[in-house]
Each structure stands twice: as C-alpha cells, then as structure tokens.
1. Please list, by residue number, every one of the trypsin sites (Lys or Arg not before Pro) in region 215-264 that is coil in DSSP and has at most 16 other beta-carbon atoms within 10 Å.
2. Determine one quarter of the surface area of the Cα convex hull of region 92-178, which equals its mean projected area, and express it in nm² to one decimal.
3. Count neighbours as other Cβ atoms within 10 Å of each site's Cβ, and list the trypsin sites (Lys or Arg not before Pro) in region 78-134 that are DSSP loop with at most 14 such neighbours.
4. At 37 °C and a viscosity of 0.692 mPa s, what translational diffusion coefficient does Stokes-Einstein give for region 1-65, taking Rh as the Kirkwood radius over Cα pairs? Give it in µm²/s as a whole number.
5. Over region 211-277, calculate the relative contact order: mean separation of alpha carbon pairs under 8 Å at least 6 apart, over the residue count, as a percent.
6. Using Cα pairs under 8 angstrom and six or more residues apart, how large is the relative contact order of the chain, in percent?
7. Does region 211-277 classify as rounded, prolate or oblate by the C-alpha gyration tensor (a ≥ b ≥ c root eigenvalues; a/c under 1.5 gives rounded; else a/b over b/c gives prolate, otherwise oblate)?
8. Which aspartates and glutamates have a Cα less than 18 Å from the Cα of Lys264, not counting those fewer than 8 places away in the same chain?
Amino acid sequence: MPSLKIAIQKSGRLNEKSVELLKNCGLSFENYKSSLISSVANFPLEILFLRDDDIPEYVQDGIADLGIVGENVINETGVDVHYLQRLGFGKCTLKIAVPNDSVFAHVKDLEGKAIATSYPVILKKFLDDNQVNATIRTISGSVEISPGLGLSDAICDIVSTGGTLRSNGLKPFADVLSSEAILIGKNGIGNHAIVKELLQRIQSVLKAKETKYVVLNVVRDNLDTILSLLPGVKSPTVVPLAEENWVAVHTVIQERDFWEKINKLKAAGAQGIVVMPVEKIIM
C-alpha cells in the first residue's frame, strides 16, 4: 500500500507533542532534527518536518496528505483544508494586550489606534467583526516590545502563560482566538483507509488520556451504590474476592470527574482503591 505523508513541526512548541502522539499510536520512526523526512517502519506513512507556517499550504496543495498544526496558523493562512481531529495540546489564545497604564476599557477604544501583530489576517477579521478601524502593523517577531518602542498602542499575539506580557509591562485586554493543535487533511482524504486507521489510533490515545483505570474492593451489600457511581466504558467488571461477601470492581473514570468520584466511592464504602493510567481505549 503506498505511503501517505504527514507534516509536523520541525521545531517549536508542537514538535515534541506531535512526535509523542504519533509514537503513542504505535508508529516507529526517528525524529530527525536535521532532516526533512522520516519513514515510519511499521505503518505506510512518511513524516515531513516543516516550519509550522508552511504546513497548511503543503496540505492544501497535496504535497502532504495530513498535517498537525495550530489552529491559529490555519486561520492566518486561510487555506482550504479539512479538520480531521482536535488533538487537545498546544492550547493557547491569541489576545490583544495593552500597556499596564493604559485606560482602554472596551474594544471600541482601539478605534484609530495602532496594533502590532504577527497575525494580521486574524486581527483584521476580529476588528471588522467589532466594527473597529485600527492600524495594523505587521511584525514578524518580538511583537511585545513594540508599545515600549512607541511603534504601537497595543499588540495582538499568542499568549500561553502570560509571562512574556508581564515582563514587558503589558496586560491582556481582549481574546481574539482560542487555538489548539489540529490534525488536518487535504480535501477528500478522510475516507482513505490509512487515514481511517491512523484516526482510530489517535482517537484511542486521546480517549485514554481522558480516563483513569480504577480497581476497588467493596462489601457486596454496598455494591449497588458503588455501581451507581461508576458508569464505566460500558459497565464495571465485578469479580468475587477470596474473602466472603467482598468483590473487586474494575472500571474507568473520566479524568475531569476523578476526585469527585473517588470521594463519593470512599463515602460509599470502597476500600483499597488502586488508580492506574490508561494507555489506549479502542471503541
């Protein structure tokens, strides 16, 4: 079967997580930092290591069949690609930030002001949507220093923790776009057998990250109460213990509900609770 090509970041904040995801899907390859391409030994796929700004256009033009790239980059380039799967990592927000001593209170206060950004397309759409006429100054890097140099009244840039803003005397003012890593594909690729197989693997890994495998012991008289708290993937597994009238219950719990569920299980009589990570869940 001919190989498909997937493009991922050569370096940057999405590279490590993209490589980790593909390896967790069982793909065996080398992460060549100095090479453009790496073949997967056990799956019909080749990996292209590219600049993130180039990935959407490579996919749109069919040079790569798939790509992993931030949603902000997709929106800025305006390419025609298909969203296949949100990946849950690389989360950040494109924000407008202003100097700490500014008196801006509403987006409308940006009227007539200058805003520096590396994302002029996204920023223009945001300003148009809010009916604000401002000057957009496109800067390729170090956007956050522009207000201090008198080049702009505000900036629009990617914010993850906010540390860079604080160190440059800036504060968040308005959210423009929330972004995360997306698996994209060229149009029409979604029904390809290799893509379906890769998507199944990715989805099983992502689902596993959202869950914990839990084993607990409980006296049989309290079993119904315990089971009512544990929906599981289908239903919990119940196994008799050597000690009379005791059973072991095996199930999975959603990560977001974990501590609330654990506390309720303990209150309902659960003992010897063992919690383990889940590697993959195949539905």
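1. Numbers: sites: Arg220, Lys234, Arg256, Lys261, Lys264; in loops: Lys234.
Filter output for region 215-264: Lys234.
2. Numbers: hull surface 19.6 nm².
Computed as one quarter of the Cα hull surface, the answer is 4.9 nm².
3. On the way: sites: Arg86, Lys91, Lys95, Lys108, Lys113, Lys124, Lys125; in loops: Lys91, Lys113.
Those that pass, being in a loop and sparsely packed, are Lys91.
4. Numbers: Rh = 11.9 Å.
Approximately 276 µm²/s, per Stokes-Einstein.
5. Values: 109 pairs, mean separation 35.0, N = 67.
Here the relative contact order equals 52 percent.
6. Working: 552 pairs, mean separation 52.3, N = 283.
Relative contact order comes out at 18 percent.
7. prolate
8. Within the straight-line limit of under 18 Å, Lys264 reaches these aspartates and glutamates: Asp221, Asp224, Glu255.
Only the coordinates and a few stated rules stand behind these numbers; no lab work does. Just so you know, these numbers come straight off a predicted model, no measurement behind them. Here Cβ is always computed from backbone atoms with ideal geometry, including for glycine, and neighbour counts include all displayed protein chains.
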